[in-house]
1. Report, by residue number, each residue of the range 59-78 that is open to solvent by 50 Å² or more (accessible area, probe 1.4 Å) and either more than 17 Å from V44 (Cα to Cα) or modelled with pLDDT of 75 or more (or both).
2. Kindly evaluate F95 against the criterion of being aromatic (F, W, Y) and modelled with pLDDT of 85 or more.
3. In the range 23-39, which residues are touching a helix residue (DSSP H, G or I) at 6+ places or on another chain (Cβ under 8 Å) and open to solvent by 60 Å² or more (accessible area, probe 1.4 Å)?
4. Kindly state which helices (runs of 4 or more DSSP H) lie completely within the range 1-56 and contain at least 1 residues that are modelled with pLDDT under 75.
Amino acid sequence: MLADHFVSTWTMAIAELESMKSNSPVPEHKKLAKMALDAFVPPVQMMVSLPNGTVVHSLNSHDGLMSSCQSLDKANNVSWLQTEAACLSDVYSKFLKEGMRKAGVEV
């Protein structure tokens, strides 16, 4: 799904975005950095944005990223780590699908 529709990055880029917003010689880069910083809410923020920088979908760890996994049945024989990894993978997949829908991309 990612390879077909997205440029996907995982980064702790706040300092880099602040620097780009202030120092980039390219006005469009300054604008995109500002838009990303305006949408970011610590500590963990996932965002789907259009090429013009418009954020069409986002999810913060405080708003449900982790809480979605707390309702899992832990009484089976699967380790806690395997259960959490599977849940987070499912949450991320649903997040991306919803983001693509909002961006007008067919899955």
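1. Q70, S71, L72, D73, K74, A75, N76, N77, V78, listed by residue number.
2. Considered against the rule, which asks whether it is aromatic (F, W, Y) and modelled with pLDDT of 85 or more, F95 comes out as yes.
3. Within the range 23-39, H29, K30, K34 meet the criteria.
4. In the range 1-56, the matching helices (runs of 4 or more DSSP H) lie at 2-5.
The values are calculated or read from the model by the stated rules, or taken from the named source; none is laboratory data. As the structure is a computational prediction, the values presented were derived from the model and not from experiment. Positions of Cβ are generated from backbone atoms using ideal geometry, with glycine treated the same way; all protein chains shown enter the neighbour counts. Just the protein is used for accessible areas: all its heavy atoms, side chains included, with ligands, DNA and RNA removed. Shrake-Rupley method; radii C 1.70, N 1.55, O 1.52, S 1.80 Å.
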